[in-house]
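Have a look at the structure below, then the notes.
Read-outs: derived from the displayed coordinates by stated rules, not from any lab. Everything numeric here is computed off the predicted structure, so don't read it as measured data. Here the Cβ is made from the backbone with ideal geometry for all residues, glycine too, and neighbour counts use every protein chain on show.
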Amino acid sequence: MEWIHDYLPYRMSDNVEELQQDVTLALLKSTYWAAERSEETIMNSWKESLCIGLFSAEGVQVGFMRVVTDGATFSWLCDVIVDPEHRGKGLSKWMMAVLVDHPRICHTSIYLGTRDAHGLYEQYGFLRREMMVRSTARYLNRH
Ligand SMILES: CC(C)(COP(=O)(O)OP(=O)(O)OC[C@H]1O[C@@H](n2cnc3c(N)ncnc32)[C@H](O)[C@@H]1OP(=O)(O)O)[C@@H](O)C(=O)NCCC(=O)NCCS
């Protein structure tokens, strides 16, 4: 699917083939949560995910988000990022509006973990809840 912004020169696509690998890797490597992931792990994470790319009028990718979902009951939203030069224009809000209506996940419960952007997600119906996690690091340390 593809979405064109009403008045800003941006489009979004959920075609994983359109992702600009180097740009997406650079965006994710700049974050606090994915900086330690290898490029191989990051690229593997796209294969089974719903990935949405945000593109400028020049065709350059300037944002990304990813959802892991069973398509029926559960989705996990992660890796939400907008290029710093394109922030503050409402683009992540547009991405969230598109995401919560996306036909693959609009009928599922959507979870996410975030350190500091709660106010963004609260605008799209997310509530603050506690949950348990078994982290990869803990799993790896035991084997
Ligand atoms: C968070 C991020 C995606 C916001 O992108 P953006 O396109 O600049 O955001 P928008 O212009 O759409 O506005 C975001 C809205 O969420 C709110 N918000 C709440 N917490 C925020 C935060 N930590 N950072 C940015 N906006 C935040 C803003 O106030 C704004 O709402 P308002 O317009 O009603 O005031 C972007 O700053 C980013 O990529 N940050 C680095 C990666 C990151 O932290 N991702 C989210 C972690 S899960």
Problem - Taking the C-alpha atoms of the chain, convex hull volume expressed per residue in Å³ - result: 129 Å³
Handout entry: Sorted by Cβ density within 10 Å, fewest first, the residues Met132, Met65
Key = Met132, Met65
Fill in the blank from the handout: Connecting every pair of Cα atoms under 10 Å apart in the chain and solving the GNM, the largest mean-square fluctuation among Ser49, Ser109, Ser75 falls on Ser109
Problem - Percent antiparallel among DSSP beta bridges (both partners in region 27-143, rounded to 5) - result: 75 percent
Practice task
Quick one, could you list the DSSP H helices from the chain stretching 24 Å or more along their long axis (Cα atoms) with average Kyte-Doolittle hydropathy of 0.5 or above?
Solution key: none
Problem - For the chain, built as a Gaussian network whose Cα springs stay under 10 Å, the top-fluctuating residue of Tyr32, Tyr121, Tyr111 - result: Tyr32
Problem - Summed residue charge, Cβ within 13 Å of His5's Cβ, Lys/Arg positive, Asp/Glu negative - result: +1
Fill in the blank from the handout: Per the helix-only model, the chain has a calculated mean residue ellipticity at 222 nm (DSSP H runs of ≥4, -39500 (n - 2.57) each, divided over all residues, rounded to the nearest 500) of -7000 deg cm²/dmol
Problem - Net charge over other residues, Cβ less than 13 angstrom from the Cβ of Asp14 (K, R count +1; D, E count -1) - result: -1
Exercise for the section: Determine the relative contact order of region 2-141: mean sequence separation of Cα pairs under 8 Å and six or more apart, normalised by residue count, in whole percent. Expected result: 18 percent
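Can you give the FRET efficiency to the nearest 0.05 for His107 and Glu130, using r as the Cβ-Cβ distance and R₀ = 22 Å?
The pair His107/Glu130 has a calculated efficiency of 0.35.
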Exercise for the section: Would you mind ranking Leu99, Leu8, Leu25 so that the residue whose beta carbon has the fewest other beta carbons within 10 Å leads the list? Expected result: Leu8, Leu25, Leu99
